[in-house]
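Below is one structure, written out as structure tokens; the observations come after it.
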Amino acid sequence: MGEASRPRFHAWEYFDLDGYLRASNPVAAAVLRVAKALGFLASAAMTLPAALFHPILAPLGLAVIGLALWADARRYGVWHGDCPRCGQEVWIAAKRHGTKAFACHICRDRLLLKSGRLTPF
């Protein structure tokens with residue numbers, strides 16, 4: 001076991017649905033969030049008249065809209081650091097603050113990301 005390494009946080013990187021690491025920027029992230037909000041509001045406005053005539057269609061429509069927004073969600077924030085055991089670079093999708101446990105993809109050692117440090121679990 002090695003000494004705990006100091007990973008780096010990249011706020012505008014994310015993993016897409018296929019698991020590939022992608023980079024973005026603050027402007028693109030803001031545009032995406034605004035577009036999603038406007039799309040949701042427009043969909044909700046189209047679903048509202050259906051609720052007046054058929055009360056079962058409206059909740060189903062909103063559920064489909066919610067699932068579509070959730071499935072395309074990007075969770076920004078990727079930590080880059082070296083595994084304390086094998087020394088290979090690991091990428092962890094996590095928030096800037098908080099704790100996350102995960103396994104190294106090379107040596108399968110359990111690691112803990114806490115307070116900006118990678119330590120064996």
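No value in this document is a laboratory result; all are computed from the given coordinates. What you see is a predicted model; the values in this text were computed from it and never measured. All Cβ positions, even for glycine, are placed from backbone atoms using ideal geometry, and neighbour counts span all protein chains on display.
Amide H contacts of V90 (H built 1.01 Å from N, in plane; Pro and chain starts excluded): G81, D82, C83 sit under 5 Å, all sequence-distant by 5 or more or on other chains. Using a Debye calculation, one point per C-alpha and no hydration shell, please list log10 I(q)/I(0) for the chain at q = 0.15 Å⁻¹ in order. Results for the chain at q = 0.15 Å⁻¹ read -0.76. Springs join every pair of Cα atoms under 10 Å in this Gaussian network model of the chain, and among L21, L60, L111 the largest mean-square fluctuation is at L60.
Using the Karplus relation 6.51 cos²θ - 1.76 cosθ + 1.60 with θ = phi - 60°, the per-residue 3J(HN,Hα) values for the stretch 13-30 come to 9, 7, 9, 7, 5, 8, x, 8, 6, 10, 10, 9, 9, x, 5, 4, 5, 5 Hz, with x marking Gly and Pro. Over the chain, DSSP H runs of length four or greater, each weighted -39,500 (n - 2.57), average out per residue to a 222 nm ellipticity of -12500 deg cm²/dmol.
Backbone phi angles across the stretch 103-115, fed through the Karplus curve with coefficients 6.51, -1.76 and 1.60 (θ = phi - 60°), yield HN-Hα couplings of 10, 5, 6, 9, 8, 6, 6, 6, 10, 10, 9, 8, 6 Hz in residue order; Gly and Pro are listed as x. Candidates F53, A11, G116 compared by Cα position along the dipole of the chain: farthest toward the positive end lies G116, with charges placed on Cβ.
Can you list the lysines whose alpha carbon is less than 27 Å from that of K36, not counting same-chain residues fewer than 8 positions off? Answer for K36, where 27 Å is the Cα cut-off: K95, listed by chain and number.
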